[in-house]
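Working notes, structure below.
The values are calculated or read from the model by the stated rules, or taken from the named source; none is laboratory data. This structure is a prediction, so every number in the text was calculated from the model and none was measured. Note that each Cβ is placed from the backbone with ideal geometry, even for glycine, and that neighbours are counted across all protein chains shown.
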Amino acid sequence: MRCIGDFFSVFWFCVEEFAIFFFVSFTVRKSLSNAMKTFPFTAIIGREGDGFAALCPELDVASQRQTIEEARHNLREAVELFLEYASEAEIAERLREEVYVTRMEAEFA
């Protein structure tokens, strides 16, 4: 594990030599009634074409950019904007409090 920035921890692994995925945990702070709230989220970042796609599975929010750092930064910004502008009902509807990231094997011919 290596730390990037104040709130980021990155874990990486290679999947069948085709793609590298980065799992980033990050914290978003939201101001509610003049008090900041902190929420931990997961980012799954994988290569897509010439860049990287990033997904926050807890809220089903995604972003993409040219580098891992840019994809992570854009995803964090997208999550913060979603939390800022979405209604409490939409946040409650989309929020998955339990997200598990694991590896599995699949058979194919």
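Of all residues in the range 71-109, those satisfying the criterion of being closer than 16 Å to Pro57 by Cα, assigned to a loop (DSSP other than H, G, I, E, B) and not β-branched (Val, Ile, Thr) are Leu95, Arg96, Glu97, Glu98, Tyr100, Arg103.
Of Leu55, Leu75, Leu83, which residue is buried (at least 18 other Cβ atoms within 10 Å of the Cβ), at pLDDT 85 or above, of a type outside the set (D, E, K, R) and closer than 20 Å to Thr102 by Cα? Write out each step before concluding.
Numbers: Leu75 fails: closer than 20 Å to Thr102 by Cα; Leu83 fails: closer than 20 Å to Thr102 by Cα.
The unique qualifying residue is Leu55.
Being over 10 Å from the mean Cα position of the chain (by Cα), aliphatic (A, V, I, L, M) and crowded, with 17+ Cβ neighbours inside 10 Å is a description that does not apply to Ile45.
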